[in-house]
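What follows draws every value from the coordinates through simple rules; no lab data is involved. Everything numeric here is computed off the predicted structure, so don't read it as measured data. All Cβ positions, even for glycine, are placed from backbone atoms using ideal geometry, and neighbour counts span all protein chains on display.
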Amino acid sequence: MNPMNRRRFLAVTGAAAGSAVAGRVVAGQASAPASGRLGASQTVRVAVVGVKGRGVSHIRGFEALDGVEVAALCDVDESWLNRRGDELEESTGRKVARFTDIRRLLEDRSIDAVSIATPNHWHTLAAIWAMQAGKDVLVEKPCSHNVWEGRQLVKAARKYGRMCQHGTQARCSPTIQEAIRMLRDGVIGKLYMARGVCFKWRETIGRTPDEPVPPGVHYDLWLGPAPQRPFSRNRFHYNWHWHWDYGNGDIGNQGVHEMDLARWGLGVGLPGQIQSMGGRFLFDDDKQVPNSQISAFFYPRENLMITFEVRHWISNYEGFGSPPHNATGTLFFGSEGYMSLRYDGYDVFFGKNREPGPHAQARDGDNWKVFIDAMHSRRIEDLGPDIEEGHLTSAMCHLANIAWRVGRTIRFDPQAERILDDEEASGLLSRAYRPPFVVPAEV
């Protein structure tokens, strides 16, 4: 690629979240050699699925790497598919395959990896189908729309021997890795609690009527596993986050990052008890998810806990960021002090007087390169955020939402991944799927 064109393309930005695709995939259409290992000189050909919003970062991240090319794009909205395709072709000087249906994309044996930036309700199904077709996968957070399908995704990765990285990219940051090592080494003494915050200014989405599907939008493919219902713009680009059929609220959108840091720092898996309260305040719109929510996760065996707060309006920043920015981050509390951990660094304070301790300021790490390197090595431990960790963190967000939806404390068996003695809550661990877009019970 011409360096000037590469830099120009890398400057492209997008807004809102990507669209989704659909299809049925036959297992075993592997594009990699039988060993699964890529040749040292082989150009890795990546397909990006969902290109309107976060998908732009996927395209940009892979195109910045030597030995990698974005060879195909897929989106159910033809206007955004063609816009991104034209941009990429202009900047690279090469043709880019375009698909509206993931079935057709996954038939292409020349594609080595699929990078998924669709709405949440498509993440697991698209990723499983891609791995059944022999592709390695990078799937955005949360990797699942519910707890059960996340475990199915992990099973598929192991069964088909595919590399599957989760979109909690902070695990690829050397600075954050350093902070986690310090916590484990006792920098603030004995840990007992982590607190995640996700305070983002979110305006009301208002109300929009049902209407005809816009030209060029393949709406049945966009719905995929979700129930059939009329098209509305408030359930389409980005605003799908606030509807249970497609999204998981901000705790499963931004909050999954801070939840991952909290769980990682404490060294825990899934909890034994979950509480959540909150509601929809201030706005008269058609959101279904809470816009303010406080959740608590208890680990009775480890004697640890995590609390998490989501808020959509008026922020005092809690020590994270400054006006007019959002406030997101994770606090760790120990017997000797506390740590404030953010994407761009950490600060440690000791004792009652908050005496300054170790600190660092850096936004580093490249999860795109980490993923490609793991494709070459075929070592799960090289993936950074492997899909097992992604599933556990995503499940935490789902469990918080389940507790909120049923309005009571839920008890959970973390080994069996099931809710105890609560039929209503247990029913929310999975969902009914709309054929043929069904997450398989046997992967």
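Quick check: the angle from helix 78-92's long axis to the longest principal axis of the chain, C-alpha only, nearest 10 degrees? So the inclination is approximately 80 degrees. For Lys159, the aspartates and glutamates whose Cα comes closer than 19 Å to its Cα, not counting residues fewer than 8 places off in the same chain, are Asp112, Asp136, Glu149, Glu381, Asp382, Asp386, Glu388, Glu389, Glu442.
Relative contact order of segment 272-340, taken over Cα pairs closer than 8 Å and 6 or more residues apart, is 20 percent. With both bridge residues required to lie in the chain, what share of the DSSP beta bridges run antiparallel, to the nearest 5%? Percentage antiparallel, nearest 5: 60. Given contacts defined as C-alpha pairs under 8 Å and at least six residues apart, what's the relative contact order of the chain, whole-number percent? Result for the chain is 20 percent. By other beta-carbon atoms within 10 Å, ranking Lys135, Lys159, Lys52 with the fewest at the front produces Lys159, Lys52, Lys135. The chain has equivalent-ellipsoid semi-axes of 33, 26, 22 Å, by the square roots of 5 times the alpha carbon gyration tensor eigenvalues, sorted largest first.
Cross-link partners for Lys52 among the aspartates and glutamates, with Cα-Cα distance under 12 Å and sequence neighbours closer than 8 places in the same chain left out: Asp75, Asp77, Glu78. Sparse packing (at most 15 other Cβ atoms within 10 Å of the Cβ) combined with a DSSP loop state is found for the following trypsin sites (Lys or Arg not before Pro) in segment 273-359: Arg301, Lys352, Arg354. Entry note, segment 208-264: relative contact order of 26 percent, from Cα contacts under 8 Å with a spacing of 6+ residues.
Pairs from the table (Lys135/Lys155; Lys141/Lys190; Lys200/Lys287; Lys141/Lys200; Lys190/Lys352; Lys95/Lys369) lying more than 21 angstrom apart at Cα are Lys141/Lys190; Lys95/Lys369. Each residue in Thr118, Thr328, Thr175, Thr409 was given a count of other beta-carbon atoms within 10 angstrom of its own, and listing them fewest first yields Thr409, Thr175, Thr328, Thr118. Quick one: if the Förster radius is 45 Å, what FRET efficiency do Arg378 and Glu90 give, using the C-beta to C-beta distance and rounding to 0.05? FRET efficiency, Arg378 to Glu90: 0.80. Note on Asp364 and Thr409: the model spin-label points, each 7 Å out from Cα along the C-beta direction, lie 4.3 nm apart. Per-residue Cβ neighbour counts within 10 Å put Ile314, Ile387 in the sequence Ile314, Ile387, beginning with the fewest.
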